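Here is the structure we will look at, set down as structure tokens.
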Amino acid sequence: MTREAAFSITSLTSEGTAGRLAWSVPTVFGVMGGIQLGLGVWWGVLTLLLGIGLALRDARPLLAALALLGAALGFGSERLVTGRADPLAPWLGAQVTLSGEWDGQFLTLEDPRARLAVAPKPAVKPGKLVVSGRLVAPEGQRTPGGFNQAAWLRAQGGVFLTTPTAILVAAKVRDSQAEKGLRGWFRRGLTAGLPQREAALMTAIELGDRNDIGREDFAEGYRIRDGFNRAGLAHLMALSGQNVALITVVLIWIFGWFGWPPLWRYGIPALLLLPYLVLVGVSPSITRAVIMGFTVLAALALGRGRPDPYGLMALTATVCLLLFPLWLLDIGFQLSFLAVLALTLSLKAAGKLPERWPLWLRLALVATVLAEFGTQPVIAATFGQMPLVGLPANLAAGVVMTALVPLGFFAGLLGPAAILVNWLVGPLAALLLGIVETFGQSPVLTWGQVSAAGFVAYAVCAGAGVLWLWGRVRFRAVLGVVMACTVLTLLPGRLHPPREMVFVDIGQGDSTLIRLPHLTVLVDAGGSVNSDFDVGGKTVIPALRALGVRKIDIVIGTHADTDHIEGISGVLRALPVGELWIGQRKTDDPVLTTVLTVAKEEGVPVREARRGDQIASDGVTLTVLWPTGKVWSTEDNENSVAVRVQSGAWSTAILGDLPDPTENYLGLGHLSLLKVAHHGSRFSTDEALLQETTPTDAIISVGRNTYGHPNPEMLGRLGAAGVKVWRTDQMGTIRWPIP
């Protein structure tokens, strides 16, 4: 945050017209209520009533009518977008080869007119793309803290923009051609003459394309994007008001230096924002910034002064939601407007700092704090962690961004000739990466799932803080409210600590969490065969954080199969771990070698588990049943670590990928719950095992695969034994209480 950037803050914090409610405020509540009702959310009625109530409180019945009109328009917009037929439905499940325009995020087809996601994302530049794979429907949220792909894709569609409805999986690029035109020219300018990492960074900062930067590392296991997240700087790669403010401030300064009148000085930057939006593409944050920026600049050009900030935000949200109704559920949309709403308090907050400090410095300090506090509940609930170094990191990065964003934009306009400018851009980009790398190594505050009570507690605390900024209450009262809300939200977890098993849906693989008040054990952490996707870091860790797991006492790697232990490396890097238990210490397996290397780097002791090893806590005993360690099989599956979990008369067993002959050597006895071995393979869970264990229920951890898991014969054996089957591929993550 710098002196120039204060322009955007003061534009948002002017007092506006006092005593009159902007017509857009009740309208936007009506639009939101209508969208919610269209989605079947009953409390959309309350949102609508709030808009009507605000209008009537202002003694303006006409505004109440606008709220009702907004509700009708919002409802209609939502129905129009969600009610369209899926043009790709006839080809779901089929192997296809598609040709279209790749924008770095979605593939757009001409016939049928459709958009779809591609997985894994092609490592090619945007442009013409021919790609083959299998079309599948997107999945919803399948793990706590997991990504709801179906909801996210639905939110990418609008009234005039086709909604992505499918995913092309196991995608293989057949042909590609780099994009041409203005965007291709601009992209070449951003990267001309720059090293690979700096080029990827500039593409992310100026175009919002994070594909290349997502493949870059600071070091082994330390992704650049993770550094941005941990440092509280992820917003720098999401095009937003910062880009608009820095670029327009430079233009206004240049036009002012030439002595142009306000009509031209502000009017030309306002008009240039429209092609700028076309260049960078539509997204919630940049669309919000362009609409708000255009309105403010147009008002200044016409001599109307700065608009009322709350009316301006409501107008912007109304336009966005009528065009893209499902943005209401989009995290980017929510974060963007919450941050701007918090920034409207900047002048009040700056007034709490010593007046001898320059205004731009006070605004820089409070802006970061307000933006972080304003977005805190959404960030905590979505990402499961809060950066602790956001203030210093943003102050340092803000200074660099002040020069980097305008220079990078100018370089893009120059195209291949940008090498004349990029000798300045390169060192600035490297400096920003250095800031991210340094601050990204700082610890973060992990967060579990945020309940409804948590959101209410946050709202109460935020309300108290606003009243303090307005001078209505004393600071001691705010501290009292915060402490009371903190105690009330922490108390339930302390009174009723978790006691459960969580079978995490990580696709085709295994990961099981055993949670007790004083013991946490993770058995396997999945993996991704023939892919560089980090299941441990991207699936298991978010799930653990959402569940409130901040440390793990024991991690058990059952055997050296990628789909069981590859993700353990990500877990060891992300959370404190007491011990790592393994079965056979193979020396020729690259995945196990990587896990053991990471364990050594993180200072995690490794124990070779053997039959009879045992640990007990809170009335629950975990006993190792296999391996004996005397003779090793040449088949990894037969060397799997198997454990029995016993709590009174209740018991279960986790068997890794043990095949049926070995299962029968364990002496399992009766089991209340059976964790089916090897994802339901034909060679597991034979009739003898079912007769011995007589389980009532069985869990199968399985995902989309080409192995035929779970096998129909094995399912038939379970059915014949009267066992109820619970499958992660059908139900997502399964949580099972331990009596």
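Can you tell me which of L622, L689, L673 is in contact with an Asp or Glu (Cβ under 6 Å, 6 or more places away or on another chain), at pLDDT 95 or above and surrounded by 20 or more Cβ atoms within 10 Å (Cβ to Cβ)? Selected residue: L673, the only one of L622, L689, L673 that is in contact with an Asp or Glu (Cβ under 6 Å, 6 or more places away or on another chain), at pLDDT 95 or above and surrounded by 20 or more Cβ atoms within 10 Å (Cβ to Cβ).
Can you tell me how many residues within segment 152-182 are closer than 30 Å to D505 by Cβ, of a type outside the set (V, I, T) and surrounded by fewer than 15 Cβ atoms within 10 Å (Cβ to Cβ)?
Within segment 152-182, the subset closer than 30 Å to D505 by Cβ is 152-157, 162-173.
Now restrict to residues that are of a type outside the set (V, I, T): 152-157, 164, 166, 168, 170-172.
If we keep only those that are surrounded by fewer than 15 Cβ atoms within 10 Å (Cβ to Cβ) as well, we get 172.
Counting residues in segment 152-182 that are closer than 30 Å to D505 by Cβ, of a type outside the set (V, I, T) and surrounded by fewer than 15 Cβ atoms within 10 Å (Cβ to Cβ) gives 1.
Taken together, the residues in segment 54-81 that are modelled with pLDDT of 95 or more and not aliphatic (A, V, I, L, M) amount to 7. For G426, state whether it is modelled with pLDDT of 95 or more, out of contact with any Lys or Arg (no Cβ under 8 Å at 6 or more places or on another chain) and assigned to a helix (DSSP H, G or I). When the stated conditions are applied, G426 passes them. Only residues that are in a strand (DSSP E or B) and either β-branched (V, I, T) or within 20 Å of the chain's Cα centre (by Cα) (or both): list them for segment 87-123, please. Answer for segment 87-123, where residues must be in a strand (DSSP E or B) and either β-branched (V, I, T) or within 20 Å of the chain's Cα centre (by Cα) (or both): V96, T97, T108, L116, A117, V118.
At least 2 residues being touching a helix residue (DSSP H, G or I) at 6+ places or on another chain (Cβ under 7 Å) and within 19 Å of I379 (Cβ to Cβ) is the threshold, and among the helices (runs of 4 or more DSSP H) wholly inside segment 295-355 those reaching it are 331-343. Note on segment 594-649: residues that are of a type in the set (S, T, Y) and touching a residue at least 60 places away in the same chain (Cβ under 8 Å) amount to 3.
The residues of segment 392-404 that are in contact with a helix residue (DSSP H, G or I) (Cβ under 6 Å, 6 or more places away or on another chain) and touching a residue at least 40 places away in the same chain (Cβ under 8 Å), listed by number, are A393, N394, A396, A397, L404.
Determine which member of the set V28, V45 is aliphatic (A, V, I, L, M), at pLDDT 95 or above and surrounded by fewer than 16 Cβ atoms within 10 Å (Cβ to Cβ). Spell out how you get there, then give the answer.
Details: V28 fails: surrounded by fewer than 16 Cβ atoms within 10 Å (Cβ to Cβ).
Going through V28, V45 in turn, the sole match is V45.
With the condition kept exactly as written, say whether any residue in segment 375-391 is surrounded by 20 or more Cβ atoms within 10 Å (Cβ to Cβ), hydroxyl-bearing (S, T, Y) and assigned to a helix (DSSP H, G or I). Within segment 375-391 (the criterion being surrounded by 20 or more Cβ atoms within 10 Å (Cβ to Cβ), hydroxyl-bearing (S, T, Y) and assigned to a helix (DSSP H, G or I)), the answer is yes, since at least one residue qualifies. Checking each residue in segment 383-412 for being among the aromatic types (F, W, Y) and closer than 14 Å to L424 by Cβ picks out F409, F410.
Of the helices (runs of 4 or more DSSP H) lying entirely inside segment 686-739, those containing at least 3 residues that are more than 30 Å from the chain's Cα centre (by Cα) and of a type outside the set (K, R) span 687-693, 712-720. Entry remark, segment 606-622: residues being touching a Leu at 6+ places or on another chain (Cβ under 7 Å), part of a loop (DSSP other than H, G, I, E, B) and of a type outside the set (D, E) number 1 in total.
Please determine whether any residue of segment 513-521 is surrounded by fewer than 19 Cβ atoms within 10 Å (Cβ to Cβ) and either part of a loop (DSSP other than H, G, I, E, B) or not assigned by TED's automatic domain parsing to the domain that holds V643 (or both).
Within segment 513-521, the first condition is being surrounded by fewer than 19 Cβ atoms within 10 Å (Cβ to Cβ), and the residues that meet it are 517-519.
Keeping just the survivors that are either part of a loop (DSSP other than H, G, I, E, B) or not assigned by TED's automatic domain parsing to the domain that holds V643 (or both) gives 517-518.
There is at least one residue in segment 513-521 that is surrounded by fewer than 19 Cβ atoms within 10 Å (Cβ to Cβ) and either part of a loop (DSSP other than H, G, I, E, B) or not assigned by TED's automatic domain parsing to the domain that holds V643 (or both).
The criterion of being over 28 Å from L236 (Cα atoms), in contact (Cβ under 8 Å) with a residue 24 or more places away in the chain and among the hydrophobic types (A, V, I, L, M, F, W, C) does not hold for L182.
Please go through segment 183-202 and pick out each residue that is under 15 Å from I419 (Cα atoms) and assigned to a helix (DSSP H, G or I).
Here is the first cut: in segment 183-202, the ones under 15 Å from I419 (Cα atoms) are 185-196, 198-199, 202.
Within segment 183-202, W185, F186, R187, R188, G189, L190, T191, Q196, E198, A199, M202 qualify.
Filtered by the rule that a residue be over 23 Å from A350 (Cβ atoms), at pLDDT 90 or above and among the β-branched types (V, I, T), segment 431-482 gives I435, V436, T438, V456, V460. Within segment 209-222, the set of residues being more than 14 Å from the chain's Cα centre (by Cα) and free of Cβ contacts under 8 Å to residues at least 60 places away in the same chain comprises D212, I213, E216, D217, A219, E220. Kindly check whether there is at least one residue in segment 661-683 that is out of contact with any Gly (no Cβ under 9 Å at 6 or more places or on another chain), hydrophobic (A, V, I, L, M, F, W, C) and farther than 23 Å from V521 by Cα. Checking segment 661-683: at least one residue is out of contact with any Gly (no Cβ under 9 Å at 6 or more places or on another chain), hydrophobic (A, V, I, L, M, F, W, C) and farther than 23 Å from V521 by Cα.
Is at least one residue of segment 710-727 of a type in the set (S, T, N, Q) and out of contact with any Pro (no Cβ under 8 Å at 6 or more places or on another chain)? Yes, segment 710-727 contains a residue that is of a type in the set (S, T, N, Q) and out of contact with any Pro (no Cβ under 8 Å at 6 or more places or on another chain). If you check V466, V456, V481, V473 for being part of a loop (DSSP other than H, G, I, E, B), surrounded by 13 or more Cβ atoms within 10 Å (Cβ to Cβ) and out of contact with any Gly (no Cβ under 6 Å at 6 or more places or on another chain), only one passes: V473. G408 meets the stated requirement of being crowded, with 20+ Cβ neighbours inside 10 Å and under 30 Å from I254 (Cα atoms).
Among the residues of segment 143-161, none qualifies, meaning not one is assigned to a strand (DSSP E or B) and free of Cβ contacts under 8 Å to residues at least 60 places away in the same chain.
Of everything in segment 437-453 that's more than 25 Å from N394 (Cβ to Cβ) and not polar (S, T, N, Q), which residue is surrounded by the fewest Cβ atoms within 10 Å (Cβ to Cβ)?
Of segment 437-453, the ones more than 25 Å from N394 (Cβ to Cβ) are 448-449, 451-453.
With not polar (S, T, N, Q) added as a condition, the list becomes 448, 452-453.
Working: G448: 19, A452: 7, A453: 12.
The qualifying residue surrounded by the fewest Cβ atoms within 10 Å (Cβ to Cβ) is A452.
Quick check on segment 627-678: of everything there that is among the β-branched types (V, I, T) and in a loop (DSSP other than H, G, I, E, B), which residue is nearest to P712 (Cα to Cα)? My answer is V676.
Filter segment 225-234 for residues that are without any contact (Cβ under 8 Å) to a residue 60 or more places away in the chain and not aliphatic (A, V, I, L, M) and give the result.
First, pick out the residues of segment 225-234 that are without any contact (Cβ under 8 Å) to a residue 60 or more places away in the chain: 225, 234.
Passing the criteria: only R225.
Please go through segment 63-75 and give me each residue that is touching a residue at least 24 places away in the same chain (Cβ under 8 Å) and surrounded by fewer than 17 Cβ atoms within 10 Å (Cβ to Cβ), ordered by number. Passing the criteria: L69, A72.
Among the residues of segment 237-258, write down those that are under 16 Å from F383 (Cβ atoms) and in a helix (DSSP H, G or I).
First pass over segment 237-258, keeping only residues under 16 Å from F383 (Cβ atoms): 237-238.
Hit for segment 237-258 is M237, nothing else.
The values are calculated or read from the model by the stated rules, or taken from the named source; none is laboratory data. Model, not experiment: these values are computed from the prediction. Note that we place each Cβ from the backbone using ideal geometry, even for glycine, and neighbour counts take in every protein chain shown.
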